[in-house]
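What follows is a single structure, and I will ask about it in a moment.
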Amino acid sequence: MRTLEWRDVDLAGHEVRLRPEESNNKDVRVLPLRGKLLEAFERAREKGRADCPHVFHDEGEPIGDFRKAWNTACKKAGLSGIIVHDLRRTAVRHMVRAGIPERVAMELSGHKTRRIFDRYNIVSNEDLAYATERLQSHPTQQVSSPKVKSLA
């Protein structure tokens, strides 16, 4: 997001199109803008400057060192030990738990392989407890096995 430019944003179409050079996996990615995310981009547009192509900037200049800004933000929020990939992990977990098909979640998160996606989709004790509760409430149907007849 540090290098995102307004040429990549279509507010009328409610989407951001990440250029290959701006995408972690070097593929063009389209990210839909809805709800609070769309509102954040609309506010950024209102505060934008005609002389600055960047969506997020510091008085018209590109945002500096991301890690420094991240650490400052975490400190101000009273959080320590949080890394940016924690947000990506949380997003993946929320998408899966919201019932979004995993292939769609992979597209949104930019994961190309199942192996890497699974590293972000961590199963917790709460997930296991929830699965057990769902299983308990699932209507069971008794399946009768077919009778086996001798061929001889």
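The values are calculated or read from the model by the stated rules, or taken from the named source; none is laboratory data. Computed from a predicted model, the values in this text were never measured in an experiment. Every residue, glycine as well, gets a Cβ built from its backbone with ideal geometry; the counts of neighbours run over all protein chains shown.
Quick one: would you say Glu42 is in contact with an Asp or Glu (Cβ under 9 Å, 6 or more places away or on another chain) and acidic (Asp, Glu)?
Here the answer is no, as Glu42 does not meet what is asked.
Let me ask something else. Any residue in segment 30-37 that is at pLDDT 95 or above and assigned to a helix (DSSP H, G or I)?
Looking for residues that are at pLDDT 95 or above and assigned to a helix (DSSP H, G or I), one finds at least one in segment 30-37, hence yes.
Name the helices (runs of 4 or more DSSP H) wholly inside segment 40-152 in which the number of residues that are of a type in the set (S, T, N, Q) is 2 or more.
Correct list: 66-76, 125-137.
If you check Arg103, Arg7, which single one turns out to be over 19 Å from the mean Cα position of the chain (by Cα) and of a type outside the set (S, T, N, Q)?
Arg7
Within the set of pairs 6 or more residues apart or between chains, which connect a residue that is at negative phi inside segment 1-24 to a residue that is at pLDDT below 90 and hydroxyl-bearing (Ser, Thr, Tyr) with Cβ atoms less than 9 Å apart?
That search, which allows pairs on different chains as well, returns Glu21/Thr3; Glu22/Thr3.
Checking the condition without any contact (Cβ under 8 Å) to a residue 40 or more places away in the chain and within 30 Å of Asn125 (Cβ to Cβ), which residue from Arg34, Arg49, Arg93 passes?
None of the other options fit; the residue is Arg93.
Hey, could you check segment 1-29 for residues that are touching a helix residue (DSSP H, G or I) at 6+ places or on another chain (Cβ under 9 Å), part of a loop (DSSP other than H, G, I, E, B) and not hydrophobic (A, V, I, L, M, F, W, C) and say which is nearest to Val84 (Cα to Cα)?
Going through the qualifying residues, I end up with Arg2.
List the number of the failed condition for Lys76; all other conditions in (1) in contact with a Gly (Cβ under 9 Å, 6 or more places away or on another chain); (2) of a type in the set (D, E, K, R); (3) more than 16 Å from Met1 (Cβ to Cβ) hold.
Of the numbered conditions (1) in contact with a Gly (Cβ under 9 Å, 6 or more places away or on another chain); (2) of a type in the set (D, E, K, R); (3) more than 16 Å from Met1 (Cβ to Cβ), the odd one out for Lys76 is (1).
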